[in-house]
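One structure is given below, encoded as structure tokens.
The values are calculated or read from the model by the stated rules, or taken from the named source; none is laboratory data. This one's a predicted model, so the numbers in the text were calculated from it and none came from an experiment. Please note: Cβ atoms are built from the backbone with ideal geometry, for glycine as well, and neighbour counts cover all protein chains shown.
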């Protein structure tokens, strides 16, 4: 492992890519501390801390996770890449139902570039809408300075700053894709998630017997008088074991495969016979990766926020519907049973939708036939395509079930143990899946660069000739 790290710095191109990626992520983290003018940051932090304990807290926790925890400070990067993710969802859906967009995507790089351009335009519109909604919510919570709010020009400047921050982050992600290593937007989200881990560890230590030990006093200072820890050593052990188990399960889910045996036809050329080897066609159990959970979590944010704003407005105007809006808002907050049901349905929907867009059994069956390969017991062509589609539908059902379970775990833990969602999200959910998926993708890309230049990678043996561990798992 240590030798693999040294090998990275022996390759100038790979070293420059990694350093460029780290530099772009450092720029993202520096922008995280540039505050938005007109916001009372002290009051903002207090309101955000109190809201994490209410019905709206889990929703704000998800928004904070996807925005890089900038919501707790209301910085120029406060919206993060959420508008871009929402725009991508819109165009993914439209591509599946709009023949013009589908044909444009099939044109190759030129068509995808055109769709990407339209996605940027939609991102600007969504950033303006989401920025305005966030500022209205801040104004309702008395977080904004009254003298600033009274000036219309400030609203224009604040919305422009939030929109510019989102577009800059989108540009940073594209630069990582082009000149760095890894998926740029995913790396930005991962950096925002990992930035919250020290705070989560501090909360666990501050609310456990560790705070009253010599080590805890040195790190956290003396506990308050009458200190009564909310967590015991058994709870800490359960959290640690649960974290290891969920991370291990997430890794297995990410790399698990269903291997379909493939037989190559024999070809006779002169006196020699070629082909006849057996191989495997790997189909990933979780073919869509973390995207179904990201899409589902992103969409589930809006009903709770909209209903909460309607409830606040109705209560301020004395409408009779205020209590109804409040009840619906509470029911659609993270951790509530209706929320879990709707999110599970969306995870299944996006899992099947993603394989519909990304997986083409007819084209795969055609490629197998053109290469002189076939699945034993099946005729090449439509019968093979039908079989591949059936297999993918079945394994996607299992993969979506694992995604739903991992997404629900932090909600259950947060409600059962009284742990804030910002801490429980590291025991599962969208954040953990994103981190695991991005880290595995990063390691595989580095591994490919090392092996391409005849260096031993992270997954290779000491001699660099063969894999030490399997990067996939059959089911």
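Out of curiosity, is residue 61 surrounded by 24 or more Cβ atoms within 10 Å (Cβ to Cβ), under 17 Å from the mean Cα position of the chain (by Cα) and at pLDDT below 80?
yes
Would you be able to say whether some residue in the stretch 306-319 is assigned to a helix (DSSP H, G or I) and modelled with pLDDT of 85 or more?
There is no residue in the stretch 306-319 that is assigned to a helix (DSSP H, G or I) and modelled with pLDDT of 85 or more.
Are any of the residues in the stretch 325-333 loosely packed, with under 15 Cβ neighbours inside 10 Å, without any contact (Cβ under 8 Å) to a residue 40 or more places away in the chain and either in a helix (DSSP H, G or I) or in the same structural domain as residue 401 (by TED's automatic domain parsing) (or both)?
yes
Given the criteria farther than 18 Å from residue 359 by Cβ and under 22 Å from the mean Cα position of the chain (by Cα), does residue 119 qualify?
yes
With the condition kept exactly as written, say whether any residue in the stretch 367-383 is assigned by TED's automatic domain parsing to the domain that holds residue 287, part of a helix (DSSP H, G or I), within 19 Å of residue 279 (Cβ to Cβ) and in contact with a helix residue (DSSP H, G or I) (Cβ under 6 Å, 6 or more places away or on another chain).
no
Conditions (1) crowded, with 17+ Cβ neighbours inside 10 Å; (2) within 29 Å of residue 18 (Cβ to Cβ), marked per residue:
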{"position": "109", "(1), (2)": "no, yes"}
{"position": "126", "(1), (2)": "yes, no"}
{"position": "140", "(1), (2)": "no, no"}
{"position": "150", "(1), (2)": "no, no"}
{"position": "163", "(1), (2)": "yes, no"}
{"position": "177", "(1), (2)": "no, yes"}
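Working only within the stretch 120-160, note down all residues that are assigned to a loop (DSSP other than H, G, I, E, B) and more than 17 Å from residue 309 (Cβ to Cβ).
Going through the stretch 120-160, the residues assigned to a loop (DSSP other than H, G, I, E, B) turn out to be 141-143, 145, 150-151.
145, 150, 151 - these are the residues of the stretch 120-160 that are assigned to a loop (DSSP other than H, G, I, E, B) and more than 17 Å from residue 309 (Cβ to Cβ).
Return the pairs, sorted by first residue and then second, in which the second residue is assigned to a helix (DSSP H, G or I) and at pLDDT below 85, the first residue lies in the stretch 122-141 and is in the same structural domain as residue 94 (by TED's automatic domain parsing) and under 17 Å from residue 81 (Cα atoms), the beta carbons are less than 6 Å apart, and the residues are 6+ apart or on different chains.
Final answer for the pair search is 126/86.
Confirm whether residue 3 is over 26 Å from residue 430 (Cβ atoms), outside the structural domain of residue 292 (by TED's automatic domain parsing), outside any loop (DSSP other than H, G, I, E, B) and at pLDDT below 80.
yes
Among the residues of the stretch 179-202, is there at least one that is in contact with a strand residue (DSSP E or B) (Cβ under 8 Å, 6 or more places away or on another chain), crowded, with 21+ Cβ neighbours inside 10 Å and under 30 Å from residue 291 (Cβ atoms)?
no
Okay, residues lined up against (1) buried (at least 21 other Cβ atoms within 10 Å of the Cβ); (2) in contact (Cβ under 8 Å) with a residue 24 or more places away in the chain:
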{"site": "350", "(1), (2)": "yes, yes"}
{"site": "358", "(1), (2)": "no, yes"}
{"site": "378", "(1), (2)": "no, no"}
{"site": "390", "(1), (2)": "no, no"}
{"site": "418", "(1), (2)": "no, yes"}
{"site": "424", "(1), (2)": "yes, no"}
{"site": "436", "(1), (2)": "yes, yes"}
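Checking residue 350 against (1) more than 30 Å from residue 241 (Cα to Cα); (2) over 18 Å from the mean Cα position of the chain (by Cα): exactly one of these is not met. Which one?
(2)
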